[in-house]
Amino acid sequence: MRNALSIDVEEYFHAHAYEDVVERAEWGGLPGRVRANTRRLLALLAEHGTRATFFVLGWVAERHPELVREIAAAGHEVGSHGYAHQLLYRQTPAEFAHDLARSLAAIRHALGTDVVLGYRAPGFSLTDDSLWALDVLRAHGVRYDSSLQPVGAGRASRLRGRKRSGVSGAGRFAARLAGGLWEFPASTLRLLGRNWPVAGGGWFRLLPLWATRAAIARINAEGQPAIVYLHPWEIDPEEPPVPRAPALARVRHRLNLDRTEARLRGLLACGEFGPLREVFAAELAEV
Ligand SMILES: [Zn+2]
């Protein structure tokens, strides 16, 4: 079965670990790594004859329109990761509409086309409190959302003061929502009575490759393609230090950055991957 591979194109200083220590006004002054890292990913994918969906942050697309064009020219799908990497539930609907429109404009300007099918929120921040974002996506012509990490109820985890993910009662697989928008959730594995976000980010860096492959095989055995995700900064062990970053956040963020590229190669060598728009072509063709 062909699985979906997605890359959230952002700088290392946009990552969750640093969101509360790096001010937006500082972004422009920090050394940028996204262009070189994304190009390394493009070369790696080309080596394996694999194409993916790149959810590009508008802030990055504005500064590096040529990078967006390189991604598209290599046959990959370009989607939106929003503009300023703001969690959905920390925005008002009006703020999100502005952020989304600005990101779409930057990508469309870079590509010279109107077609941007997909959106992924920073931090998989689609929760019980931010479901209004789906209406905003629809209103802006987006066809699918991949911002859900179905690991539980968004409200419950907020009570514990942690980063929130999940929507109460949401399923683990592709679902058509009211109004025709599709939801393609990040893959989870059902184990010990709960859903584990095994197929990307810190989990992909933490688990040995065989465990990730076994998780994908389990999801495929359920008759569903897996949706795997990673970031360009995850293959960059040379990442510059981020000022004021708390030690624990830094350790978690930097875990196994020196091993991820080899793991990705291993993953691509033993499975077939493609962009979401192709893996879910049949769903998206439904009217
Ligand atoms: Zn992100």
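The values are calculated or read from the model by the stated rules, or taken from the named source; none is laboratory data. Just so you know, these numbers come straight off a predicted model, no measurement behind them. All Cβ positions, even for glycine, are placed from backbone atoms using ideal geometry, and neighbour counts span all protein chains on display.
Taking Ala245, is it closer than 30 Å to Ala36 by Cα, part of a loop (DSSP other than H, G, I, E, B), touching a residue at least 60 places away in the same chain (Cβ under 8 Å) and within 14 Å of the chain's Cα centre (by Cα)?
On the way: closer than 30 Å to Ala36 by Cα: yes; part of a loop (DSSP other than H, G, I, E, B): yes; touching a residue at least 60 places away in the same chain (Cβ under 8 Å): yes; within 14 Å of the chain's Cα centre (by Cα): no.
Here the answer is no, as Ala245 does not meet what is asked.
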Would you check which residues across region 268-287 are more than 13 Å from Ile7 (Cβ to Cβ) and in a helix (DSSP H, G or I) and list them?
Ala269, Arg277, Glu278, Val279, Ala281, Ala282, Glu283, Leu284, Ala285
Of the numbered conditions (1) surrounded by fewer than 24 Cβ atoms within 10 Å (Cβ to Cβ); (2) away from the ligand (no atom under 14 Å from the Cβ); (3) closer than 21 Å to Leu137 by Cβ, Val78 satisfies every one except a single condition; which is it?
(1)
Can you say whether Leu117 is under 28 Å from Gly171 (Cα atoms), at pLDDT 95 or above and surrounded by fewer than 23 Cβ atoms within 10 Å (Cβ to Cβ), as far as the supplied structure shows?
yes
If Asp145 meets every condition in (1) at pLDDT 95 or above; (2) surrounded by fewer than 20 Cβ atoms within 10 Å (Cβ to Cβ); (3) not hydrophobic (A, V, I, L, M, F, W, C) apart from one, which number is that one?
(2)
Just to check your reading of the model, which residue among Thr38, Thr50 is touching a residue at least 24 places away in the same chain (Cβ under 8 Å), closer than 30 Å to Glu272 by Cβ and in a loop (DSSP other than H, G, I, E, B)?
Thr50
Any chance you could count how many residues in region 177-207 are modelled with pLDDT of 95 or more and either in a strand (DSSP E or B) or over 13 Å from Ile227 (Cβ atoms) (or both)?
3
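Can you tell me which of Asp20, Asp99 is assigned to a helix (DSSP H, G or I), within 16 Å of the ligand (Cβ to nearest atom) and among the acidic types (Asp, Glu)?
Details: Asp20 fails: assigned to a helix (DSSP H, G or I).
Exactly one of Asp20, Asp99 is assigned to a helix (DSSP H, G or I), within 16 Å of the ligand (Cβ to nearest atom) and among the acidic types (Asp, Glu), namely Asp99.
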